[in-house]
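Below is one structure; the comments refer to it alone.
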Amino acid sequence: MTKTELADLYRGYIACLNRQDWPDLGQFVDEDAVHNGRRLGLAGYVAMLVRDFDLIPDLSFNVRMLLIDPPYVACRLGFDCSPKGKFLGFDVNGRRLSFTENVIYEFRGGKIIEVWSVIDKAAIEAQLVDGL
């Protein structure tokens, strides 16, 4: 797969997430997908995303930086949203937050097989402390 093809595929994946189109997620995510070392499979991956959107009804994935080196995609995702209740151990309770997530994906056979993800918790904590 070329860099351009992989970039297009990845942007299709992000669009699928933002539409919450769970039946179509299987065209992007492998049946044996692994997320941060945990084998979730496609069903577990969908369940994780459903929980995320439940907790954050206004969740939207925004690509801020995209680097492609097949079979890998590295992305800095930006978020501006209002999680309900607790989020990543913080009492957010609907307050608006801006933060980023750095993610590396491995694609095999045109699908995501493994994901390594780190959310900038320090940025979230700083906003909550400043907002007190």
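Which residues, counting only those in the stretch 73-108, are in contact with a helix residue (DSSP H, G or I) (Cβ under 9 Å, 6 or more places away or on another chain) and within 27 Å of Glu31 (Cβ to Cβ)? Answer for the stretch 73-108, where residues must be in contact with a helix residue (DSSP H, G or I) (Cβ under 9 Å, 6 or more places away or on another chain) and within 27 Å of Glu31 (Cβ to Cβ): Val73, Cys75, Leu77, Tyr105, Phe107. Selection of the stretch 36-61 for residues being open to solvent by 30 Å² or more (accessible area, probe 1.4 Å) and not in a helix (DSSP H, G or I) yields Asn36, Gly37, Arg38, Arg39, Leu40, Pro57, Asp58, Ser60. Inspection of the stretch 62-72 finds a residue satisfying the criterion of being within 13 Å of the chain's Cα centre (by Cα) and without any contact (Cβ under 8 Å) to a residue 40 or more places away in the chain.
Filtered by the rule that a residue be surrounded by 16 or more Cβ atoms within 10 Å (Cβ to Cβ), hydrophobic (A, V, I, L, M, F, W, C) and in a strand (DSSP E or B), the stretch 91-132 gives Leu97, Phe99, Val103, Phe107, Ile112, Ile113, Val115, Ile119. Could you list all residues from the stretch 62-71 that are under 18 Å from Ile113 (Cα atoms), open to solvent by less than 80 Å² (accessible area, probe 1.4 Å) and not aliphatic (A, V, I, L, M)? The answer is Pro70, Pro71. Screening the candidates Leu66, Leu77 for the property of being touching a Cys at 6+ places or on another chain (Cβ under 7 Å) and either within 20 Å of Ile14 (Cβ to Cβ) or of a type in the set (Val, Ile, Thr) (or both) yields one hit, Leu66. Scanning the stretch 8-35 for residues that are under 18 Å from Cys75 (Cβ atoms), outside any strand (DSSP E or B) and in contact with a Phe, Trp or Tyr (Cβ under 8 Å, 6 or more places away or on another chain) returns Leu9, Tyr10, Gly12, Tyr13, Ile14, Cys16, Leu17, Asn18, Leu25, Phe28.
Of (1) within 16 Å of Ile104 (Cβ to Cβ); (2) of a type in the set (D, E, K, R); (3) in contact with a Lys or Arg (Cβ under 9 Å, 6 or more places away or on another chain), Asp54 satisfies all except one. Which? Result: Asp54 passes all but (1). When Asp24 is tested against (1) open to solvent by 30 Å² or more (accessible area, probe 1.4 Å); (2) under 15 Å from Glu114 (Cα atoms), only condition (2) is not met.
The values are calculated or read from the model by the stated rules, or taken from the named source; none is laboratory data. Source: prediction; values computed, not measured. All Cβ positions, glycine included, derive from the backbone under ideal geometry; neighbour counts span all protein chains shown. We work out accessible area using only protein heavy atoms, side chains counted, and drop any ligands, DNA or RNA first. Shrake-Rupley method; radii C 1.70, N 1.55, O 1.52, S 1.80 Å.
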